[in-house]
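**Student:** For reference, the structure I am asking about is given below.
The values are calculated or read from the model by the stated rules, or taken from the named source; none is laboratory data. Because the structure is a prediction, the values reported are computed rather than measured. Positions of Cβ are generated from backbone atoms using ideal geometry, with glycine treated the same way; all protein chains shown enter the neighbour counts. All accessible areas refer to the heavy atoms of the entire protein, side chains included, with ligands and DNA or RNA removed. Shrake-Rupley method; radii C 1.70, N 1.55, O 1.52, S 1.80 Å.
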Amino acid sequence: MSAGDDQSLLDRVEIPSIPKDAARKIAYLEEEFIRAEVDQLRKSVPVLKPLFQKRNEIINIPDVQSDFWIRVFSSAPAEVDEYVLPTDAAALGSALKNLTVERFEVNDKGEGEPRSLRFTFDFHTGENNPFFENSQLVKEFSWRKQITKTAKGKSRTWEGLVSEPVRINWKKDMDLTKGLLDAACDLADAEKKQGGDRKKLPQYEALVKKVAEAEAEAMNADEDDDEGMESPAGLSFFAWFGYRGRDVSAEQSKQATKEDDERWAKIVKGENVDEDEDEDDEDDDDDDEEDDLEDAEIFADGEELAVAIAEDLWPEALKYYVQSFEIGDDLSEIDIDEMDEDEDEAEGEDAQPRKKART
């Protein structure tokens, strides 16, 4: 037996990998694509603004406004629809008047960060809204960047949306988030008043406990719920208003962006920059800085839902509104007599789960 036979198969097989020089060029080109796409998005904001204003004039036609957004949500893409529980649909259907999405950090000259988002929900009040008292809910998401160092000295860059919880004044026994949103708001308020280590605040402990209980309840409820009716978040759509994301301040993000832009400027000029090697990345995962907000996050998919609304539901609202009528037309063309004759067969073979009721 040769010495090589004593080695494991994994040691003896050479796993192909992308040449380092090619990998570096691919990474630079991908970053160039991203920067170009962001710049294109930035420039589109002032161009599209008057078109959205014209669309709003159509939405405000009385006969259209009465059910426009509930029809849009009823035809929503899966990336949005899957987060809307039947109880959420009932609340939106009875109370939502209007929805506006703004890339609020971009000015009229097309300057600023286009990935920051502001969502403004306008609602009916009084008897027309049996769920909460608020006439308007405004949720802002700011695009932030963070550069950290691992224990081995490697740089780690994170980019994403962060936000602050928005309190909803629920009517008695109508809190669809079962106290989670209030708890998230209580913690945020306590941090602003008291400062210091949030983990030492009683509100932090209370929220982490509630989050753990909600996760356990969602897991136990999965077996009892009808297939397809549960949300991936395990919570009400309205818990989204409690999303926070990473704890990255505007000043930290500004500094990280400055460092990253300086690095990119050198790359564009063809200058050498110190790039971290990709080797042993898995070993460095445990060295990443812990974010204590992670355990207190009540809607982990908050960023994904925000992006889905801003990039699909909002700009394509007219399309989804029209589609809601096309669904009705398709149903009206069905031969009722034929349905009666083939009722058993239809139930067994053709019946499909219907979208959740939105009224």
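**Student:** Out of Glu111, Glu82, Glu133, I need the residue that is of a type in the set (D, E, K, R), out of contact with any Leu (no Cβ under 8 Å at 6 or more places or on another chain) and free of Cβ contacts under 8 Å to residues at least 60 places away in the same chain. Which one?
**Tutor:** Only one candidate qualifies: Glu133.
**Student:** Search region 11-23 for residues that are modelled with pLDDT of 85 or more and open to solvent by 100 Å² or more (accessible area, probe 1.4 Å) and pair each with any residue that is β-branched (Val, Ile, Thr) and not in a loop (DSSP other than H, G, I, E, B) when their beta-carbon atoms are under 8 Å apart and the residues are at least 6 apart or on different chains.
**Tutor:** Ile18/Ile26
**Student:** Here's something else I'd like to know. Which one of these does Gln136 not meet: (1) at pLDDT 95 or above; (2) open to solvent by less than 40 Å² (accessible area, probe 1.4 Å)?
**Tutor:** The failed condition is (2).
**Student:** Kindly list, by first and then second residue, each pair from a residue in region 114-126 that is on the phi > 0 side of the Ramachandran plot and at pLDDT 95 or above to a residue that is in a loop (DSSP other than H, G, I, E, B) and open to solvent by less than 20 Å² (accessible area, probe 1.4 Å), limited to pairs with Cβ atoms under 9 Å and residues at least 6 apart or on different chains.
**Tutor:** Every condition considered, no pair remains.
**Student:** From the list Glu213, Glu217, Glu223, Glu230, which residue is over 30 Å from Ile147 (Cβ atoms), at pLDDT below 95 and under 20 Å from the mean Cα position of the chain (by Cα)?
**Tutor:** Going through Glu213, Glu217, Glu223, Glu230 in turn, the sole match is Glu230.
**Student:** Now for a different question. Given (1) open to solvent by less than 10 Å² (accessible area, probe 1.4 Å); (2) more than 28 Å from Gln40 (Cα to Cα), identify the lone condition not met by Glu191.
**Tutor:** Every condition holds for Glu191 apart from (1).
**Student:** Those residues that are in a helix (DSSP H, G or I) and of a type in the set (Asp, Glu), I need them from region 240-266; list them, please.
**Tutor:** Passing the criteria: Glu251, Glu259, Asp260, Asp261, Glu262.
**Student:** Would you be able to tell me the number of residues in region 156-182 that are buried (at least 18 other Cβ atoms within 10 Å of the Cβ) and touching a Gly at 6+ places or on another chain (Cβ under 8 Å)?
**Tutor:** Of the residues in region 156-182, 8 are buried (at least 18 other Cβ atoms within 10 Å of the Cβ) and touching a Gly at 6+ places or on another chain (Cβ under 8 Å).
**Student:** Follow-up. Give, as residue ranges, the helices (runs of 4 or more DSSP H) completely inside region 61-128 that count at least 2 residues that are open to solvent by less than 60 Å² (accessible area, probe 1.4 Å) and in contact with a strand residue (DSSP E or B) (Cβ under 9 Å, 6 or more places away or on another chain).
**Tutor:** Result: 68-74, 86-95.
**Student:** I've got another one for you. Tell me, please, whether a residue that is in a loop (DSSP other than H, G, I, E, B), within 23 Å of Glu191 (Cβ to Cβ) and in contact with a strand residue (DSSP E or B) (Cβ under 6 Å, 6 or more places away or on another chain) can be found in region 160-168.
**Tutor:** There is at least one residue in region 160-168 that is in a loop (DSSP other than H, G, I, E, B), within 23 Å of Glu191 (Cβ to Cβ) and in contact with a strand residue (DSSP E or B) (Cβ under 6 Å, 6 or more places away or on another chain).
**Student:** Just the residues that are more than 20 Å from the chain's Cα centre (by Cα) and not hydroxyl-bearing (Ser, Thr, Tyr), please, taken from region 137-167.
**Tutor:** Ile147, Lys149, Ala151, Lys152, Gly153, Lys154, Arg156
**Student:** If we scan region 286-303, do we find a residue that is in a helix (DSSP H, G or I), modelled with pLDDT under 90 and open to solvent by 100 Å² or more (accessible area, probe 1.4 Å)?
**Tutor:** Yes, there is a match, as at least one residue in region 286-303 is in a helix (DSSP H, G or I), modelled with pLDDT under 90 and open to solvent by 100 Å² or more (accessible area, probe 1.4 Å).
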